[in-house]
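Visitor: To start, I am sharing the structure in question, which I have written as structure tokens.
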Amino acid sequence: MSAEPYVENPPLDWQHDGHILSAEQKKFYFKNGYIVIKNCVPKYELEKYRQRFQDICEGKNVLRDMTVMKDVSIAKSEYIQGEKAVTKVQDFNRDPVLFDYCKYPAVVDVAKDLIGTPKSNLIAMHTMLINKPPDSGKLTSRHPMHQDLQFFPFRPADYICCAWTAMEWVHRGNGCLVVVPGSHRDPGRLLEHEYPKWEGGVNKAYYGIENYDPSMPRLHVEMQAGDTVFFHPLLIHGSGANRTDGFRKAISCHYANDDVCRYINIEGTMQEESSREIIEIAKKRLRKFGQADDVDLDFSDLWRVRARAVNGKRANL
């Protein structure tokens, strides 16, 4: 079943200046589904996140809530430990260093302008520090074109946005983000996703749009360290392979407006298959820490555990 569960979308104000963004900037986001804010996060903050990532790669103080993911092509090679194997650190909402990013005022204030008002209560729903090591030659460092809403059991989509901050120079050579401007409105709905049939293999949970049309007009979002792109969860986006000898790191947080968003039932929808895989990843982590193997996890409950209030009081999520 591919029908999207219906959730009424209350209107957002795109006509007036926000607390941080101008009316023109808000209209750009409304039309294109993304906006880049230059120098949003200072380099001294990025350095703290980078050092914490290095510690996690070395196995230092890895929190029970975290998911550390490794590239499928090199996870079992000589790089079992270290920066070359780790592609993502997910679910860092309980980490005192990395969660500072989610609370950083310059990031939070822009998110509020896009999905609410200065008084809105925001929840950090999905957190990632994304590392793109030099590609092994199998092109597994690329990420297929997808929509983030595929993984979220909460709505309305207009009240969710991602903040994605470059931790170093991000360009086409090392696999910058690629976006399809306006795709959050046209087609404006969640499309069918599946694992791409790539010869070199695909990393866990790297779902892509089924029958994606590569002729869609794409834009490569090249960024300097500290630049932050904010984008809509229905925006079609992905990233290329890292063809350099260096790394491409970014830190991101998906925010939801807790005053508006609610969990939905995805049973019987096209999200159900990916939800089962995400639940299995969570169970694998629990088993690692000696938790019962027969833990019964509901997808919405899993997200409730992940979520953490950024400001104000937590209410619905």
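The values are calculated or read from the model by the stated rules, or taken from the named source; none is laboratory data. For clarity, every value in this text was computed on a predicted model and none was experimentally measured. Cβ sites come from the backbone with ideal geometry, for glycine too, and all protein chains shown count toward neighbours. All accessible areas refer to the heavy atoms of the entire protein, side chains included, with ligands and DNA or RNA removed. Shrake-Rupley method; radii C 1.70, N 1.55, O 1.52, S 1.80 Å.
Visitor: Tell me the Kirkwood radius of the stretch 147-264: reciprocal of the mean inverse pair distance over distinct alpha-carbon atoms, in Å.
Guide: The answer is 15.4 Å.
Visitor: Modelled label-to-label distance, residue 138 and residue 94, 7 Å Cα→beta-carbon offset: nm?
Guide: Taking the two extended label points, one gets 3.2 nm.
Visitor: Right, another one. Please list the radius of gyration and Dmax for the stretch 102-170, considering alpha-carbon atoms only, with Å as the unit.
Guide: Using the Cα atoms of the stretch 102-170, the pair Rg, Dmax is 15.0, 48 Å.
Visitor: Now a separate question. What residues qualify as long-range amide H neighbours of residue 208, i.e. H under 5 Å apart, gap of 5 or more or another chain, H built at 1.01 Å from N?
Guide: Distant-sequence amide H within range of residue 208: 194, 195.
Visitor: Name the lysines eligible as straight-distance cross-link partners of residue 43: C-alpha to C-alpha under 25 Å, and not fewer than 8 places from it in the same chain.
Guide: Qualifying lysines at Cα under 25 Å: 60, 84, 88, 103, 112, 132, 249.
Visitor: Pull up all non-local amide H partners of residue 87: gap of 5 or more, or a different chain, and H-to-H distance under 5 Å with H placed in the peptide plane.
Guide: When sequence neighbours closer than 5 places are left aside, the close amide H contacts are 69, 70, 71.
Visitor: First measure r as the distance between the Cβ atoms of residue 31 and residue 211, then evaluate 1/(1 + (r/R0)^6) with R0 = 22 Å and state the FRET efficiency to the nearest 0.05.
Guide: Efficiency computed from Cβ-Cβ geometry: 0.30.
Visitor: Quick one: what are the phi-derived ³J(HN,Hα) couplings along the stretch 157-169, Karplus 6.51/-1.76/1.60 with θ = phi - 60°, whole Hz, x for glycine and proline?
Guide: Coupling constants for the stretch 157-169: 5, 5, 9, 10, 8, 9, 9, 10, 10, 5, 9, 7, 4 Hz.
Visitor: Okay, next question. What list of ³J(HN,Hα) values in whole Hz, one per residue of the stretch 100-106 in order, does the Karplus curve 6.51 cos²θ - 1.76 cosθ + 1.60 (θ = phi - 60°) give from phi, with Gly and Pro shown as x?
Guide: 4, 4, 5, 9, 4, x, 5
Visitor: With springs only between Cα atoms under 10 Å, which of 265, 242, 257 fluctuates most in a Gaussian network model of the chain?
Guide: 265
Visitor: With runs of 4+ DSSP H residues as the only contributors, calculate the mean residue ellipticity of the chain at 222 nm using -39,500 (n - 2.57) per run, divided by the residue total and rounded to the nearest 500.
Guide: My calculation for the chain gives -6500 deg cm²/dmol from helical runs alone.
Visitor: Over the chain, with every protein chain in place, what whole percent of the accessible area is carbon and sulfur at 1.4 Å, could you tell me?
Guide: That fraction is 49 percent.
Visitor: Report, in debye and to the nearest 20, how large the dipole of the stretch 137-286 comes out about its Cα centre when Lys and Arg carry +1 and Asp and Glu carry -1 on their Cβ.
Guide: Here the stretch 137-286 has a charge dipole of around 420 debye.
Visitor: Here's another thing I want to ask about it. Assign unit charges at the C-beta atoms only (+1 for Lys and Arg, -1 for Asp and Glu), then state the dipole size of the chain relative to its Cα centre in Debye, rounded to the nearest 20.
Guide: In debye, rounded to 20, the chain gives about 760.
Visitor: Using a 7 Å offset from the Cα along the Cα-to-Cβ direction at both residue 197 and residue 63, what is the distance between the two label points in nm, to one decimal?
Guide: Placing both labels 7 Å along Cα→Cβ, they lie 4.1 nm apart.
Visitor: Two decimals, Cα atoms only, Kirkwood Rh: what is Rg/Rh over the chain?
Guide: 0.93
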